[in-house]
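Structure record follows, encoded as structure tokens.
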Amino acid sequence: MIGNIDVLPCGYVCFKDDGTITACNVTVASWIGYPREEIIGKSIETIFTLATRIFYNTHFFPLIKLHGKASEIFLSIKSKENQDVPVLANASRTIEDDVHLIHCVFIRVEQRKKFEQELLKARRDAENALKDNKQLAELSKSLEQHALELDNQYRRQITMNENLRQFGKIISHDLQEPIRKIQIFIDMISKDANTHLSPKSEVYSSKIDAAAEKLKALTASLHEYIAVDNEKVFSEVDVVTTIQAAKSRAANIREFSDFTLEIDAIPTIEGYKKQLELLFFHLIDNAIKFRSPNRKLAIKVTHLLLHENIFRMPNDQYKYTEHVRITFEDNGVGFSDEYRENVFLLLKKLDNSTAGLGIGLPLVKKIIHNHSGNVNVTTEQGKGTCFEIELPVKVGNE
Amino acid sequence: MMKEKVITRNNVNTWGKGYRTMVLAHGFGCDQNMWRFVTPAFENDFKIVVFDYVGAGKSDVGAYNSQRYADLNGYAQDVLDVCEALQLSNVIFVGHSVSSVIGILAALKKPNYFSHLIMIGPSPCYINHDGYVGGFNRKDIDELLNTMDSNYIGWANFLAPAIMKNPERPELSHELTESFCSTDPKIARQFAEATFLSDNRKDLGKVNTPSLIMQCSDDLIAPFEVGDYLHANMKNSKLKILKATGHCPHMSHPEETIAVIREYLEGIE
């Protein structure tokens with residue numbers, strides 16, 4: 001009964017789950033070009049072309065294993081002379097004496113294959129034409145819509161920018177003047193030999209002076225917060241030098257330099273140079289302000305290159321581009337986790353007894369957003385704070 | 001993302017007991033069904049999580065975005081979405097084939113989510129480059145894409161109208177969805193391209209998560225050189241050569257696959 005498999009006008013191969021061929025007929029052996037004895041014992045993969053072997057591993061075998069059979073699968077058998085023999089395969093999996101066997105019959109489909117290929121090509125061409133057409137139509141529609149939205153936004157932006165500019169001017173000039181005057185006149189009162197201030201009034205006057213001083217600092221900070229957007233041109237920014245410059249500035253202003261700052265080889269990125277310097281200035285300044293009295297302040301800045309989606313708005317747009325994730329870590333006092341959301345809020349201070357005005361971290365966040373980046377903070381009270389900043393390496397198209 | 005949305009989108013299934021979680025991610029060409037030979041061995045000691053990538057198995061094909069899934073990072077986001085939806089951390093991630101690299105990308109983005117990566121037949125780059133053996137040339141991959149097209153013309157185009165004509169035979173439709181793990185040829189083709197044209201060699205050195213490289217004997221898709229390359233370039237990695245041949249040891253040799261995973265897990269506890 002089994003003997004007549006050799007006269008069948010189709011190829012027959014039987015193999016185990018591990019691929020070892022246990023039987024085959026003369027028909028398939030003649031296609032391959034080796035005697036049957038040399039084929040038996042080899043792996044089923046040896047009779048296939050490379051592409052078919054990949055397909056066998058990723059599709060054909062999982063299919064037979066999971067469903068016990070497969071039908072109408074196109075494969076290519078490789079002949080001794082390296083010729084492709086296109087075949088259509090049907091397979092089933094049986095169990096005999098506790099051994100799983102996969103039975104496979106192959107029908108040569110040279111003619112059909114040519115036909116299929118022409119069909120495929122025609123289908124692909126038609127699909128591409130349709131896709132291009134459809135995509136073009138969709139694109140032009142969404143472009144028009146975007147153009148409208150952009151136009152609208154642009155107009156609003158111009159008004160907002162003008163408002164901000166006015167606001168900035170008010171803060172930096174118009175508001176400064178009365179503050180300065182308050183301070184001058186308080187000073188004159190206290191220095192005037194003819195006025196005799198009661199001890200109580202002395203205290204009041206110094207309180208007025210302190211309040212004016214704070215108002216001055218606040219308006220200066222607010223001005224900084226608004227003025228940061230004036231930088232409009234991107235340039236190549238060497239992050240390491242930028243951090244070092246920010247460090248010197250922070251050390252000068254705080255008159256504190258007893259700390260270490262370790263920076264690894266962060267690559268150059270495209271960005272707003274002044275903003276980035278301001279960003280790192282505030283991070284370092286923050287680390288200095290909230291250093292622990294129990295140990296020497298140590299700041300560590302490391303980086304990791306990742307591919308992230310450049311689109312930040314959740315509208316199902318994706319383009320994965322290279323981003324650098326900069327981790328800025330200090331060993332300061334940290335803060336309680338419950339305030340995590342608050343640290344980036346403008347003028348929101350966690351603790352009124354601490355130094356600062358509550359403008360540094362909001363500015364940090366704003367600068368990162370100006371770069372289409374992202375920031376996350378983690379902290380442990382008494383141990384330190386860690387900022388994770390993700391910035392695109394290049395802003396435009398790669 | 002909303003938890004329920006991810007659960008249906010990725011057809012997430014969870015069972016098993018144990019305080020640690022094992023997330024198993026299928027490779028190219030299949031779906032979560034491929035894990036059914038190994039999961040029974042772990043379900044008493046682990047919470048088991050399996051899912052289908054968007055576009056595969058019984059995932060929500062409507063959520064497929066060809067920009068996102070043209071890049072393995074888009075698939076990595078699926079893994080992160082599943083972990084986030086289930087609030088998982090310190091996960092043992094088991095990835096087959098391309099899911100190994102997807103796991104690497106996910107672990108780089110969110111190291112806290114993962115405690116160990118178990119990689120079955122991984123490869124960071126399938127195409128040969130100067131001094132690097134990936135196993136394939138660009139031409140081989142193009143031929144694979146043709147083979148896939150040839151097969152889908154039969155499955156998807158000729159069978160689909162037949163189903164529509166046979167509403168009284170729902171089993172036909174069932175058979176079709178069961179037969180090839182991904183039913184949409186365009187998605188399968190794009191996954192093939194994202195997989196076989198990827199080059200993530202530069203990412204290996206960045207991984208800190210400990211990993212196990214399960215290298216099969218005589219695996220066409222990930223030859224020995226690739227396993228050695230991964231081992232040499234990944235910190236805290238262990239290389240285990242399996243007696244199993246082929247690219248799907250978890251299906252062809254489940255006992256050995258289970259034993260190797262179990263031995264590795266015992267070593268880390």
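What follows is calculated from the coordinates using simple rules that are stated; it is not laboratory data. Owing to the predicted nature of the structure, the values given are computational and were not obtained by experimental measurement. Here the Cβ positions follow ideal geometry from the backbone for every residue, glycine too, while neighbour counts run over all protein chains shown.
Secondary-structure-derived ellipticity at 222 nm for chain B, considering helices only, amounts to -12000 deg cm²/dmol, per-run term -39500 (n - 2.57) for DSSP H runs with n ≥ 4.
About its Cα centre, the dipole of segment A:10-146 is roughly 260 debye, where the only charges are +1 on Lys and Arg Cβ and -1 on Asp and Glu Cβ.
When the GluC sites (Glu not before Pro) in segment A:1-90 are filtered for DSSP coil states and for at most 12 other beta-carbon atoms within 10 Å of their beta-carbon, the remaining sites are A:81. Neighbours of residue B:124, meaning other residues whose beta-carbon lies under 11 angstrom from its beta-carbon, give a summed charge of 0 when Lys and Arg score +1 and Asp and Glu score -1. Here the sum of -39500 (n - 2.57) over DSSP H runs of 4 or more residues, divided by the residues of chain A, equals -14500 deg cm²/dmol at 222 nm, to the nearest 500. Give the cross-link partners of residue A:181 among the lysines, using a straight C-alpha distance below 17 Å as the criterion and excluding same-chain residues fewer than 8 apart. Counting by Cα, and skipping residues close in sequence, residue A:181 has these lysines nearby: A:191, A:207, A:214, A:216. Ordered by the count of other Cβ atoms within 10 Å of each Cβ, fewest first, B:257, A:195, A:378, B:39 give A:195, A:378, B:39, B:257.
Counting only DSSP beta bridges whose two residues both lie in the protein assembly as shown, roughly 65 percent are antiparallel. Within the shell of other residues whose beta carbon sits under 12 angstrom from the beta carbon of residue A:103, the net charge comes to +2, with Lys and Arg scored +1 and Asp and Glu -1.
The simple spin-label model puts a point 7 Å past each Cα toward its Cβ; for residue A:7 and residue A:155 those points are separated by 8.8 nm.
In this simple spin-label model, placing a label point 7 Å from the Cα along the Cα-to-Cβ direction at both residue A:83 and residue B:262 gives a separation of 5.1 nm. In segment A:2-132, the alpha-carbon atoms span a convex hull of 122 Å³ per residue. Each principal axis of the Cα cloud of the protein assembly as shown was evaluated for its coordinate range; sorted largest first, these ranges are 131, 58, 50 Å. In chain A the longest region clear of trypsin sites (Lys or Arg not before Pro) that are loop-assigned by DSSP and have at most 16 other C-beta atoms within 10 Å covers A:81-231.
Using a simple spin-label model with pseudo-atoms 7 Å out from Cα toward Cβ, residue A:317 and residue B:217 lie 5.4 nm apart. A cut-off under 13 angstrom between Cβ atoms defines the neighbours of residue A:39, and their net charge, with Lys, Arg +1 and Asp, Glu -1, is +1. For the residue pairs B:109/B:202; A:365/B:206; A:16/A:42; A:78/B:139, the alpha carbons lie more than 18 Å apart in A:365/B:206. This ranking places B:144, A:197 by how few other beta-carbon atoms lie within 10 Å of each, fewest first, which gives A:197, B:144.
What FRET efficiency would be calculated for the residue pair residue B:224, residue A:254, taking the C-beta separation as r and a Förster radius of 60 Å, to the nearest 0.05? Given R0 = 60 Å and the Cβ-Cβ separation, E is 0.55.
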